[in-house]
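Here the structure comes first, spelled out in structure tokens, and everything after it is commentary.
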């Protein structure tokens with residue numbers, strides 16, 4: 001089974017002061033994943049529940065030094081469970097049962113050196129296997145086949161591709177890496193170039209932080225230098241793959257799919273509205 005790297009090491013400075021002690025990945029959203037009624041879940045648990053439903057069982061969480069509450073949340077607490085009753089006990093019991101059937105690894109990112117550095121730290125966990133990268137502060141709501149499964153399908157049909165990106169049409173590219181692409185079919189593109197947060201974007205697409213990679217990406221991550229924001233950017237490593245004539249593909253977010261992002265005050269407000277409506 002393909003392994004998943006979930007990055008949750010960012011400082012969340014755009015959500016201060018709340019995120020001084022509470023990781024942004026633990027920001028609450030709404031869900032009906034357990035019952036027909038709305039419940040409040042940390043976004044990171046929601047991401048885990050989504051991936052678990054797709055039969056992923058091996059997870060590597062890359063966390064920062066201030067993120068102890070994440071590991072605590074994902075550690076079954078039997079004493080706490082005994083004090084619960086009714087639906088809440090059922091909800092937590094189901095969650096803990098899933099955790100018992102999963103393999104979770106925790107890796108520390110001691111300094112906030114960027115998305116690329118967070119992924120690079122998981123190399124020993126991944127080894128030579130293909131893997132999924134999923135940011136812990138963004139997910140996708142989908143009525144049909146989830147984009148993660150579409151990434152997997154695209155990889156299976158294109159075994160020579162070293163990376164597969166998930167993109168969407170964006171108006172403001174300031175928060176995105178931007179790919180230059182050529183269309184291959186209805187929802188498949190060949191990537192020619194990627195640039196992190198360009199001042200003059202060459203396309204209407206932005207890269208979402210869900211990826212499928214072959215292990216070749218680790219070699220590229222070791223070659224890049226500090227980029228935008230004095231961080232190691234994952235997009236720079238993808239650009240390195242392209243410069244070495246490796247194949248990189250992209251699929252596009254469908255019209256009935258919605259991005260849930262808790263990275264800023266504005267996007268978090270949208271995340272609450274979207275998940276409340278969908279729950």
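The values are calculated or read from the model by the stated rules, or taken from the named source; none is laboratory data. It should be emphasised that the depicted structure is a prediction, and the values quoted were computed from it without experimental measurement. In this analysis, Cβ positions are derived from the backbone assuming ideal geometry, glycine residues included, and neighbour counts consider all displayed protein chains.
Among the residues of segment 152-178, those identified as in contact (Cβ under 8 Å) with a residue 40 or more places away in the chain and either surrounded by 22 or more Cβ atoms within 10 Å (Cβ to Cβ) or part of a strand (DSSP E or B) (or both) are 161, 162, 163, 164, 165, 166, 167, 168, 169, 177. Taking interchain pairs and intrachain pairs at least six residues apart, which have beta carbon atoms under 8 angstrom, with the first residue in segment 216-237 and crowded, with 22+ Cβ neighbours inside 10 Å and the second modelled with pLDDT of 95 or more and part of a loop (DSSP other than H, G, I, E, B)? So the pair list comes out as 220/244. Within segment 193-208, being in contact with a helix residue (DSSP H, G or I) (Cβ under 7 Å, 6 or more places away or on another chain) and either surrounded by fewer than 21 Cβ atoms within 10 Å (Cβ to Cβ) or not assigned by TED's automatic domain parsing to the domain that holds residue 166 (or both) holds for 193, 197.
Restricting the first member to segment 263-278 and to residues that are under 17 Å from residue 209 (Cβ atoms), and the second to residues that are in a helix (DSSP H, G or I), the beta-carbon pairs closer than 6 Å and six or more apart or on different chains are 264/14. Residues in segment 70-87 that are farther than 29 Å from residue 121 by Cβ and surrounded by 13 or more Cβ atoms within 10 Å (Cβ to Cβ): 2 in all. Residue pairs, Cβ under 7 Å, 6 or more apart or interchain, first in segment 6-22 and under 27 Å from residue 56 (Cα atoms) and assigned by TED's automatic domain parsing to the domain that holds residue 135, second modelled with pLDDT under 80 and not in a helix (DSSP H, G or I). List them. Once the first residue is under 27 Å from residue 56 (Cα atoms) and assigned by TED's automatic domain parsing to the domain that holds residue 135 and sits in segment 6-22, its partners that are modelled with pLDDT under 80 and not in a helix (DSSP H, G or I) give 8/67; 9/67.
Candidates in segment 27-42 are the residues that are out of contact with any helix residue (DSSP H, G or I) (no Cβ under 6 Å at 6 or more places or on another chain) and at pLDDT 80 or above; of these, the one that is nearest to residue 96 (Cα to Cα) is 41.
State the number of residues belonging to segment 260-279 that are closer than 10 Å to residue 141 by Cα and surrounded by 21 or more Cβ atoms within 10 Å (Cβ to Cβ).
Filtering segment 260-279 for residues closer than 10 Å to residue 141 by Cα gives 260, 274-275, 278.
Filter once more, keeping what is surrounded by 21 or more Cβ atoms within 10 Å (Cβ to Cβ): 260, 275.
Counting residues in segment 260-279 that are closer than 10 Å to residue 141 by Cα and surrounded by 21 or more Cβ atoms within 10 Å (Cβ to Cβ) gives 2.
Listed by position, the helices (runs of 4 or more DSSP H) contained in segment 194-279 that have at least 1 residues being modelled with pLDDT under 90 and in contact with a strand residue (DSSP E or B) (Cβ under 8 Å, 6 or more places away or on another chain) are 265-278. Return a yes/no flag: does segment 179-193 have any residue that is within 16 Å of residue 236 (Cβ to Cβ) and free of Cβ contacts under 8 Å to residues at least 40 places away in the same chain. Yes: segment 179-193 contains one or more residues that are within 16 Å of residue 236 (Cβ to Cβ) and free of Cβ contacts under 8 Å to residues at least 40 places away in the same chain.
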